[in-house]
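Undergrad: Just passing along the structure, written as structure tokens.
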Amino acid sequence: MTATGHGFLDTLAPGHRTRLLGFAHEASFPVDARLFDEDEEADRFWVLRSGRVVLDVHVPGRGREVVETLGEGDLLGWSWLFEPYRWHLGARVRDAVHAHEFDARQVRAAVEEDPVFGLAVTRCVASVAIGRRLRASRMRLLDLYAPPEGAPTTSGGER
């Protein structure tokens, strides 16, 4: 297996990328497949080779709302790396997906066994996935809960 040429895998040094890909197997998912839901066990993760996946959150009274769309080269899933190993969002296939799929337990064991490899993987997950994902989720939630256009707004000092 080789890297996709961009994205999450390219943030790793070649040796670490090769080691991580040694844990992968190929996976494919059809349109509308549900990959995981909020609060389920995060026991695997993916690097998308093609297709798109939407991340969503359940909003009471509104159902599932999309917070971000991921595509080629993106890491799908970071909850596998941090206890309690539960998904924070849900994921649904938007366009048929081909991906590298990783068993989280195997990768976590390698991360624990080799601190240099572990630090490299953790830094990549934190910078590429968590930082970007949190910014995207925040912006999407601001869009969802913005007052309707033309509605009066108040500033912090008005009552």
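Computed from the coordinates by the stated procedures, all read-outs in this text should not be read as laboratory data. In this text, all values refer to a predicted model and were calculated from it rather than measured experimentally. No Cβ is skipped: glycine too gets one built from the backbone with ideal geometry, and neighbour counts run over all protein chains shown.
Undergrad: Percentage of Cα-Cα pair distances in the range 8-142 greater than 25 Å, rounded to whole percent?
TA: Details: 1966 of 9045 pairs.
Beyond 25 Å sits 22 percent of the P(r) for the range 8-142.
Undergrad: Can you list the residues, at least 5 places off or on another chain, whose amide H is less than 5 Å from the amide H of VAL59, using H built in the peptide plane?
TA: ARG64, GLU65
Undergrad: Pop the C-beta distance of HIS88 and ASP32 into the FRET formula with R0 = 30 Å and round what comes out to the nearest 0.05. Please list the in-between numbers first.
TA: Details: r = 21 Å, r/R0 = 0.71.
Here the calculated transfer efficiency is 0.90.
Undergrad: Additional query: Farthest toward the dipole's positive end in the range 8-142, which of ALA42, LEU134, SER28, given Cβ charges of +1 (Lys, Arg) and -1 (Asp, Glu) about the Cα centre?
TA: Ranked along the dipole, the leading option is LEU134.
Undergrad: State whether the range 1-67 is rounded, prolate or oblate according to the following rule on the C-alpha gyration tensor (a ≥ b ≥ c being the square roots of its eigenvalues): a/c under 1.5 gives rounded; otherwise a/b larger than b/c gives prolate, and the remaining case gives oblate. Kindly include the intermediate steps, with their values, before the conclusion.
TA: On the way: a/c = 2.35, a/b = 2.27, b/c = 1.04.
Note, shape of the range 1-67 comes out prolate.
Undergrad: Can you sort LEU119, LEU81 by how many other beta carbons sit within 10 Å, fewest first? Show your work: numbers first, answer last.
TA: Numbers: LEU119 12, LEU81 20.
In increasing order of surrounding Cβ atoms, one gets LEU119, LEU81.
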